[in-house]
Structures are given as structure tokens and as C-alpha cells.
1. Between residue 133 and residue 168, how high is the FRET efficiency from 1/(1 + (r/R0)^6) when r is the Cβ-Cβ distance and R₀ = 30 Å? Nearest 0.05.
2. Take 94, 169 and order them by how many other Cβ atoms sit within 10 Å, fewest up front.
3. Stretched out fully, how many nm does the piece from residue 68 to residue 154 gain, at 0.36 nm a residue minus the Cα gap?
4. Roughly speaking, what is the centre-to-centre gap between region 97-145 and region 22-44 when only Cα atoms are used, to the nearest Å?
5. Please compute the length gained on full extension between residue 143 and residue 42, using 0.36 nm multiplied by the number of residues separating them and subtracting their Cα-Cα distance.
6. Evaluate the distance, in nm, between pseudo-label points positioned 7 Å from the Cα of residue 79 and of residue 110 along their respective Cα→Cβ axes.
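Throughout, read-outs are computed from the coordinates displayed, never taken from laboratory work. The model shown is predicted, which means the values in this text are computed figures rather than measured ones. Here the Cβ is made from the backbone with ideal geometry for all residues, glycine too, and neighbour counts use every protein chain on show.
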């Protein structure tokens with residue numbers, strides 16, 4: 001029954017709704033579990049889309065191949081660091097995450113780590129039925145990410161990242177027509 005409720009909720013969240021699918025700030029998806037993705041992959045079963053969205057599942061599958069190739073075993077975080085934000089006003093959330101913090105490899109342990117520099121988050125957008133990386137955004141938390149008022153003709157809004165409380169440092173990512181690039 002719980003699985004049915006979760007599936008219905010996921011389908012309802014994916015369908016267009018009245019108003020915006022997401023406020024102008026990114027939010028953490030609290031239901032996501034990379035550990036669930038790894039377990040489903042290990043068992044050869046389909047993953048619960050609420051706990052393991054498709055772009056994360058595909059990234060985890062690729063990470064497992066890389067980890068096994070190095071002689072390691074992949075593990076996933078119980079609670080994921082996957083963020084959602086609607087960057088193009090299509091009323092569907094795009095997803096943002098990095099492997100660092102979501103999965104680890106036993107050998108070498110730092111295979112997906114960026115160290116103190118923190119890994120940029122890949123921004124995934126659903127295009128023609130396929131999740132595609134459309135940017136690499138450097139941010140430590142979803143609260144740092146907001147959509148700017150400027151937007152491209154196709155509806156993609158610029159993304160602003162404020163690393164400090166009072167936003168004395170601001171990074172802007174602009175839509176180039178096919179992906180987001182950092183503005184100089």
C-alpha cells in the first residue's frame with residue numbers, strides 16, 4: 001500500500017500543475033536514498049522512483065561499474081543529497097546532484113571525492129524522454145541556489161549561487177541554448 005501511495009505521489013508530482021512546480025530556490029529531496037539505488041542495482045531489481053530517481057539510478061549504475069573496475073564495492077548514503085528546481089518553467093523539476101556524498105567506493109575510497117573543493121553538482125533535465133546533464137553548478141547547499149529574473153527565449157532562467165549569507169559573492173550561470181555556463 002505504501003508503495004502505491006508513493007508511486008501515485010511521484011506521478012502527481014511529475015504532472016504539470018497550476019502554478020510553478022518549484023519556488024525560485026532549490027530544495028533538497030528528502031525521500032531520496034542512494035543506498036536504495038545501490039541495493040536495487042545489486043539485486044537486479046527496479047528501484048522505487050521516489051527513493052531513486054532515474055538520473056540518480058543511471059549515475060549510480062555508472063559509478064558501480066567504475067568502482068568494480070577498480071576492485072572496490074559501491075555503497076550509497078541512506079539519505080541522499082539530491083536537489084530539485086524548475087529552471088525552465090515547464091512545471092517539472094530538474095535534478096541536481098554529485099556522486100560525492102551520495103556514493104562511496106571501498107577501494108579506492110576517494111574515487112568520487114573532490115576533497116575540500118567540493119564537487120560541482122550536475123544539473124539534469126528531462127529532454128525528449130531522456131535525462132541529460134545541462135550544467136555543472138558549484139554550490140554547497142540548495143539554499144544557495146536561486147533562479148534569476150532573467151530568462152532565455154525558451155524559458156530557461158539564469159541560476160544564481162550565493163555562497164555567503166549576505167551574498168557578497170555571487171556566481172551566475174546563464175543558459176546558452178543547450179546548457180548552463182558560468183558567466184565571467
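1. On the way: r = 30 Å, r/R0 = 0.99.
For residue 133 and residue 168, the calculated efficiency is 0.50.
2. On the way: 94 24, 169 9.
Result, fewest neighbours first: 169, 94.
3. On the way: separation 86, 0.36 × 86 = 30.96 nm, distance 4.08 nm.
That pair, residue 68 and residue 154, stretches by 26.9 nm at full extension.
4. Region 97-145 and region 22-44 have Cα centres spaced 12 Å from each other.
5. On the way: separation 101, 0.36 × 101 = 36.36 nm, distance 3.32 nm.
Contour length minus Cα-Cα distance gives 33.0 nm.
6. About 2.7 nm separates the two model spin labels.
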